[in-house]
Each structure stands twice: as structure tokens, then as C-alpha cells.
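The values are calculated or read from the model by the stated rules, or taken from the named source; none is laboratory data. Small disclaimer: the values here were computed from a predicted structure and weren't measured. Cβ atoms come from the backbone with ideal geometry, glycine included; neighbour counts cover every protein chain shown. With ligands, DNA and RNA removed, areas are computed over all heavy atoms of the protein, side chains included. Shrake-Rupley method; radii C 1.70, N 1.55, O 1.52, S 1.80 Å.
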Amino acid sequence: MKLLHTHQWQSIGVTILVLISIACSQAVYDTSAQSYEAAKKDASIKLAEPAIPSVDTLKILSAGNISALADYYWISTIQYFGAGNPYQDYPSLGKLLQTITDLDPKFEAPYEFGLITLPFMHQADTAVSLGLKAQDQFPNNGLLTYYLATVYHLNLKDYTNAAFYYQKASKQDGAPSAALTLAGTALDKVDKSTSDRLVAAAFWESVYENAKTDDQKDIAKSWYQQMQIVYSLEVAAREYQVKFGHFPPTLQEMVTTGFVSAIPDSPVKRKMLYDPTTGKIDTSVPIDQ
Amino acid sequence: MRFDFSPYLVIARSTFREIIRERLLYGILLVATLVTASSFFMATISFDQSSRVLENVGLASIQLFTVFIMIFVTTNSVYKDLERRVLYLLFPKPISRSEYVIGKYFGLLMVLATTLLILGGMYILALIGFDRTIITPVFSVLCYTFLEVGLVIGIAQLFASFTAPLNASLYTIGLYIIGHALPTLKQFAERNSGAATQHLLDVCYYILPNFEKFDFKPAALYRLPVPGQQVFWAIFYGVIYICVVVYLTILVMRKREV
């Protein structure tokens, strides 16, 4: 006895063939549409970026409720940041924060938020712009000045400005106690020119005079001595160069030739990394590293 | 010679009663209450800026809804009086057109006060349980809102006296937005435009109603002291402008056949 008739087998065969061709066409489509799907996803992500009209337009449309509009954009910024971004760079974050602070310059939170997060989104320049705007709006806010200094220090490697703003922050309300110490550290990194060593030494001298605790005095005194030592060694290296036509190959050479009596230990426990091509000394590396 | 207030009071009371009976008014008030209440929710998602957001968004909601409500009731009320020929009955009696206009205006002010009491009162009551420190600044801002919307009512009444209510509403809303945008437009013209545009905007700046004069919300928000002189001139400006628009409305009504 036959299980199925011929035409039934034919129907089953045709059905299976149709199903296979559907599956194959789906697979072929998926393979061919990969770039299209990627482009579509990319476009939809870009479309999801918030639309931000110009500040003048927003001011006109606000009908006198500029602060409330700034608050709306602040909440939008939090939702935008909190929702996540597949490329982890939040391209509209800087513009959102600029818009909020242009609408309401006295709104403090966006400045703080921007100074902390924007450098990590490769938008350090926007962070600096916000920080400089904050200097006008909050002339006595040590925390915002401190954050601006850290952007210069850590992200832009602009040690001159970093030292300036650390020092400024240390005199303002609300600055972390490290501001003063970091000012000196930043000055130490300022392009190793000799005159900057003297500036750094003078700075540490003033820190010593204004220090309130013995610990702070000890730190300031150590850094002052460090700056003086490095200054003296670099001056000696230049004198060696004038006499012999080249910088000394090592610091010990200056002791051997009588330009210095000894190479002192670093009061702040830093390595004296001497560069014989430039005659400069790098003291950024701690001794125990 | 005693000044007879009774015609003004009669018209004012009648206007107030007529508008308070409008069911649509209560619908709009309910929506306004819900939107104002949403400011409490927005405060919770504002990342440690709850007081600020609560104050800003709550006051903005109250202000905008009050403006919207009063434009709507003013234009409709005047239109109904004209359309139903109510004025045919009034003017033969010893009620002059100026008494009608001024009485109407005071009636609308009473509706405004009631609206602000309802919206502002509920908002302040809710603030008692949330953040009491902003109650005083909120109350002061509501007082300035009363003055600002009082001027809006005058302008809406003027437009409603010679055009249809939809047109009158649109003109009033347009003038309200322009009135708030005048300082921004003036600054924009100074930065980007030629001398002719700047002069034109200067003229508009001084002639059109400048609603920014009544905006003390930033001072309340940041607890800045406002000089008494500034408050005085803002109130003076508002009262003078209201007198001007009410007078213009009287002139229009005198010319109008009702």
C-alpha cells in the first residue's frame, strides 16, 4: 500500500523547494544588504542626534521663558547622555551644553558637567570654551576653575595655562586642596625652559609663605629646592656647552669637570632624567618607577 | 462730585460671571494644572537640579497657560457681546462705551486673578511639601505675571473690538512673542544688519509692548535683589501701556456700529 500518492509527493516536493528558495533568497538578501543596513543604522543614529536651533531662535520662541528652555535642554542632555551612544563620543554633547549656557549663563551645572565629560568625548576644546565662559560668570568658583585647569593639564598638555588656572583656583572658594600642589606640578612640566624653572621656584616660594599647615610647608619647601637644583644643573650644562661646544654626555661629567660639586638627591624623590642633546632635565618620573 | 463706579462694577461682575460659567475654561485649567504638575516629575529627572527645574518649568507653565486662557476668554467674550448684540441693550441705557470697555477690562482682570489664584495657589501648595525655599520667589513672579497678562488682556480686547476672535487671538499671540523677543531682535540687528534695519528695530523696540520688562524670573531664580527703581518703572510702564490700549479700544468702540 502506498503511503502517499504521486501528486501528493509532488506537492510536498514543491513545498520544500519553495521553502528552500525562500530561505536562500533571505540569505542572499542579508548578504547583499549588509552595507545598506549598516548605512541605514548609521543614518538613524545620526538622525537621533538632537536638533538644536540657534540660540537667537530659541530666545525668540521661548516667549520670555529662557531659563525654562535652558532647563528643558538640560534634561534633554541628561537623557541624550544617559541613553548611550554606540560610538561613545556623543557628538552633540558639546553643542547642547553650549546652547544651555548661552541661554542661561548663570546655570552652573552644565559648565561642571561639560568640563568633566567633554574631554573624554574628544571635545576638549569645547570644554575649554565652556570653562572660559564660566570664568566670567562665576569669578569666585574654585571648582570650575580647577576643572578647567585639569583639562589644560591632562588633555591639552598646556602646562602654562594649567598652572595659571590651578593657582587661580587655589585662591577661590570651593577649590580642592590639591589645586595649589598641582599648580606647581604643572609649572614643573612647562616646556623645560630655564626661566620657567625660576618661575616655578618663585611659585613654590609663595606657596611656602602662604601655607597653613606644616605638611604644606614641607611640600612647598621640597619643590622649591627641587626647582633650584634643576635650574642650577641646567645652567651648568649650558656653561659646559659654551666651553666644550656640546652638552655634557652625563650629569656626572659636570662633577668630573668641576662645573658642579655634586649631583644632589631630588628632594621630591624624582629621577633626574638628563637629555644630553638639549641639556634639559626631566623630573616627571618618580624614583620608585 | 462723587465718581460713580457702579456701571464699571456692573459690567465687571457680569463679565466675570459669564466667563466663570464657561466649561471650556475648566478644561483648559485642568490641562494647565496637569502640565504644571509635570514640572514635579521633570524635577526628579534633572540630575540634582530639582529646585531650579521645579521653579522654572512650573512658572513657565503657569505663565504660558494663563496667557493662553486669557487671550481665549477675552477675544471670545468681546466677540459674543458683539455677535449677540448685547451692546444694543447696554448702550441705550446710561452706560457709555468707555464705561463698557473699562468695566469689561476689570471683569477680565478678575478672571485673571482667579486663574492665577487657582494655578498659582495649587502650585504653591504643592511646593510646601517639596521645596519651601522657593515659595517667596514664586509668589513674587506670580505678581509680575499678573501685570504682564493684564497688558495682554488689554491688547487682546483691542484686537477683539475690530476683528474676529481667531484673528484677534493670533495677533495677540504674535505681539506677545514679539514683545518678548524685542531685546534679542535688537541685539541680532546690531550684530548682523544694516543701519535701516537697526533703526526700524529701534522704533519697534520703543513702541511695541516690551514684555521683558515684567520678566523677573531670573532674579527670583538666582535670588538676586531687584532695585526698587526697576520695579517701579516696570509697573509704571505696564500701567501706562494698559491705559493706552484701553483708550484705543474705547476709540474703536466709539467708531464702531453695534
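State yes or no: is residue B:153 in a helix (DSSP H, G or I), away from chain A (no Cβ under 14 Å) and open to solvent by less than 30 Å² (accessible area, probe 1.4 Å)? Walk me through it before giving the result.
Working: in a helix (DSSP H, G or I): yes; away from chain A (no Cβ under 14 Å): yes; open to solvent by less than 30 Å² (accessible area, probe 1.4 Å): yes.
When the stated conditions are applied, residue B:153 passes them.
Tell me which of these residue A:246 doesn't satisfy, since it passes every other one: (1) within 33 Å of the chain's Cα centre (by Cα); (2) more than 19 Å from residue A:178 (Cβ to Cβ).
(1) is the only condition that residue A:246 fails.
Checking the condition away from chain A (no Cβ under 12 Å), buried (at least 17 other Cβ atoms within 10 Å of the Cβ) and either more than 30 Å from residue B:126 (Cα to Cα) or among the aliphatic types (A, V, I, L, M) (or both), which residue from B:29, B:59 passes?
Checking each option against the conditions leaves just B:29.
Please state which one of B:146, B:188, B:159 is more than 14 Å from every other protein chain (Cβ to nearest Cβ), in a helix (DSSP H, G or I) and farther than 15 Å from residue B:211 by Cβ. Break it down stepwise before answering.
Working: B:146 fails: farther than 15 Å from residue B:211 by Cβ; B:188 fails: more than 14 Å from every other protein chain (Cβ to nearest Cβ).
On inspection, the qualifying residue turns out to be B:159.
What's the total number of residues in region A:104-145 that are farther than 23 Å from residue B:52 by Cβ and modelled with pLDDT under 90?
Within region A:104-145, residues that are farther than 23 Å from residue B:52 by Cβ and modelled with pLDDT under 90 number 4.
Residue by residue through region A:66-89, note down the ones that are crowded, with 22+ Cβ neighbours inside 10 Å and either at pLDDT below 90 or within 7 Å of chain B (Cβ to nearest Cβ) (or both).
Residues satisfying the conditions are A:67, A:68, A:71, A:74.
Can we say residue B:172 is open to solvent by 10 Å² or more (accessible area, probe 1.4 Å) and either free of Cβ contacts under 8 Å to residues at least 40 places away in the same chain or within 19 Å of the chain's Cα centre (by Cα) (or both)?
Values: open to solvent by 10 Å² or more (accessible area, probe 1.4 Å): no; either free of Cβ contacts under 8 Å to residues at least 40 places away in the same chain or within 19 Å of the chain's Cα centre (by Cα) (or both): yes.
When the stated conditions are applied, residue B:172 does not pass them.
Select from region A:221-259 the residues that are farther than 30 Å from residue A:211 by Cβ and in contact with a Leu (Cβ under 7 Å, 6 or more places away or on another chain) and list them in ascending order.
The one that is farther than 30 Å from residue A:211 by Cβ and in contact with a Leu (Cβ under 7 Å, 6 or more places away or on another chain): A:251.
What are the residues in region A:98-129 that are surrounded by fewer than 18 Cβ atoms within 10 Å (Cβ to Cβ) and away from chain B (no Cβ under 14 Å), if any?
A:120, A:122, A:125, A:129 - these are the residues of region A:98-129 that are surrounded by fewer than 18 Cβ atoms within 10 Å (Cβ to Cβ) and away from chain B (no Cβ under 14 Å).
Any residue at all in region B:68-82 that is more than 14 Å from chain A (Cβ to nearest Cβ), of a type in the set (D, E, K, R) and open to solvent by 20 Å² or more (accessible area, probe 1.4 Å)?
Yes, there is a match, as at least one residue in region B:68-82 is more than 14 Å from chain A (Cβ to nearest Cβ), of a type in the set (D, E, K, R) and open to solvent by 20 Å² or more (accessible area, probe 1.4 Å).
Can you tell me which residue among B:51, B:38, B:46 is touching a residue at least 60 places away in the same chain (Cβ under 8 Å), within 14 Å of another protein chain (Cβ to nearest Cβ) and out of contact with any strand residue (DSSP E or B) (no Cβ under 8 Å at 6 or more places or on another chain)? Don't jump to the end; show me each part of the working.
Numbers: B:38 fails: touching a residue at least 60 places away in the same chain (Cβ under 8 Å); B:46 fails: touching a residue at least 60 places away in the same chain (Cβ under 8 Å).
Sole residue among the options that is touching a residue at least 60 places away in the same chain (Cβ under 8 Å), within 14 Å of another protein chain (Cβ to nearest Cβ) and out of contact with any strand residue (DSSP E or B) (no Cβ under 8 Å at 6 or more places or on another chain): B:51.
Which residue is farthest from residue B:214 (Cα to Cα), if the candidates are limited to region A:31-65 and must be more than 14 Å from every other protein chain (Cβ to nearest Cβ) and among the β-branched types (Val, Ile, Thr)? Working first, answer last.
Residues of region A:31-65 that are more than 14 Å from every other protein chain (Cβ to nearest Cβ), as a first pass: A:31-52.
From the residues that got through so far, the ones that are among the β-branched types (Val, Ile, Thr) too are A:31, A:45, A:52.
Values: A:31: 64, A:45: 42, A:52: 28 Å.
Ranking the qualifying residues of region A:31-65, first place goes to A:31.
Report the residue count in region A:147-176 for those that are open to solvent by 10 Å² or more (accessible area, probe 1.4 Å) and closer than 21 Å to residue A:284 by Cα. Show your work before the answer.
Start the filter on region A:147-176 by keeping residues that are open to solvent by 10 Å² or more (accessible area, probe 1.4 Å), which leaves A:147, A:150, A:152-161, A:164-165, A:167-168, A:170-176.
Among the residues that remain, those that are also closer than 21 Å to residue A:284 by Cα are: A:150, A:152-161, A:164-165, A:167.
So the count comes out to 14.
Considering only residues of region A:264-289 that are open to solvent by less than 50 Å² (accessible area, probe 1.4 Å) and hydrophobic (A, V, I, L, M, F, W, C), which is nearest to residue A:204 (Cα to Cα)?
A:268
Please verify whether region B:109-132 includes one or more residues that are out of contact with any strand residue (DSSP E or B) (no Cβ under 9 Å at 6 or more places or on another chain), over 21 Å from residue A:58 (Cα atoms) and of a type in the set (S, T, N, Q). Step through it out loud before you land on a result.
Restricting attention to region B:109-132, the residues satisfying the condition of being out of contact with any strand residue (DSSP E or B) (no Cβ under 9 Å at 6 or more places or on another chain) are B:109-132.
Now restrict to residues that are over 21 Å from residue A:58 (Cα atoms): B:109-132.
Adding the requirement that they be of a type in the set (S, T, N, Q) leaves B:114-115.
Scanning region B:109-132 turns up at least one residue that is out of contact with any strand residue (DSSP E or B) (no Cβ under 9 Å at 6 or more places or on another chain), over 21 Å from residue A:58 (Cα atoms) and of a type in the set (S, T, N, Q).
So if I check each of B:124, B:62, B:69, which one is under 22 Å from residue B:211 (Cα atoms), assigned to a helix (DSSP H, G or I), among the β-branched types (Val, Ile, Thr) and in contact with a Phe, Trp or Tyr (Cβ under 8 Å, 6 or more places away or on another chain)? Before you say what the answer is, go through the steps one by one.
Details: B:124 fails: under 22 Å from residue B:211 (Cα atoms); B:69 fails: in contact with a Phe, Trp or Tyr (Cβ under 8 Å, 6 or more places away or on another chain).
Checking each option against the conditions leaves just B:62.
Say we look at region B:198-211 and pick out the residues that are over 30 Å from residue B:53 (Cβ atoms), open to solvent by less than 60 Å² (accessible area, probe 1.4 Å) and part of a helix (DSSP H, G or I); which of these is farthest from the other protein chains (Cβ to nearest Cβ)? Steps first, please.
Going residue by residue through region B:198-211, those that are over 30 Å from residue B:53 (Cβ atoms) are B:198-208.
Pick out the ones that are also open to solvent by less than 60 Å² (accessible area, probe 1.4 Å) and you get B:198, B:201-202, B:204-205, B:208.
With the extra rule that they be part of a helix (DSSP H, G or I), the set shrinks to B:198, B:201-202, B:204-205.
Working: B:198: 15, B:201: 13, B:202: 17, B:204: 13, B:205: 14 Å.
Taking the candidates together, the pick is B:202.
Kindly provide the set of residues from region B:239-258 that are in contact with a helix residue (DSSP H, G or I) (Cβ under 7 Å, 6 or more places away or on another chain) and open to solvent by 50 Å² or more (accessible area, probe 1.4 Å), ordered by number.
B:248, B:254 - these are the residues of region B:239-258 that are in contact with a helix residue (DSSP H, G or I) (Cβ under 7 Å, 6 or more places away or on another chain) and open to solvent by 50 Å² or more (accessible area, probe 1.4 Å).
For region A:38-145, which helices (runs of 4 or more DSSP H) that fit wholly inside it have 2 or more residues that are within 23 Å of the chain's Cα centre (by Cα) and farther than 30 Å from residue A:166 by Cα? Outline the logic, then answer.
Details: elements: A:55-61, A:66-82, A:93-103, A:108-117, A:124-137.
Per the criteria, A:66-82.
Looking only at region A:36-55, decide whether some residue is open to solvent by 40 Å² or more (accessible area, probe 1.4 Å) and at pLDDT 85 or above.
Yes, the conditions are met somewhere in region A:36-55.
Restricting to region B:212-238, give me the number of residues that are within 21 Å of the chain's Cα centre (by Cα), in contact (Cβ under 8 Å) with a residue 24 or more places away in the chain and either open to solvent by 70 Å² or more (accessible area, probe 1.4 Å) or more than 27 Å from residue B:49 (Cα to Cα) (or both).
The qualifying residues number 5.
Go through region B:34-56 and report how many residues are of a type in the set (Ser, Thr, Tyr) and crowded, with 18+ Cβ neighbours inside 10 Å. Don't jump to the end; show me each part of the working.
Taking region B:34-56 first, the residues of a type in the set (Ser, Thr, Tyr) are B:36, B:38-39, B:44, B:46, B:50-51.
Checking the rest, the ones that are also crowded, with 18+ Cβ neighbours inside 10 Å come to B:36, B:39, B:46.
Result for region B:34-56: 3.
Step by step: first the residues of region B:156-169, then only those that are open to solvent by less than 10 Å² (accessible area, probe 1.4 Å) and among the polar types (S, T, N, Q), then the one that is modelled with the lowest pLDDT. Which residue is that?
If we filter region B:156-169 for residues that are open to solvent by less than 10 Å² (accessible area, probe 1.4 Å), which is where we start, we get B:156-157, B:160-161, B:168.
With among the polar types (S, T, N, Q) added as a condition, the list becomes B:157, B:161.
Details: B:157: 95, B:161: 92.
Of everything passing the filter in region B:156-169, B:161 is modelled with the lowest pLDDT.
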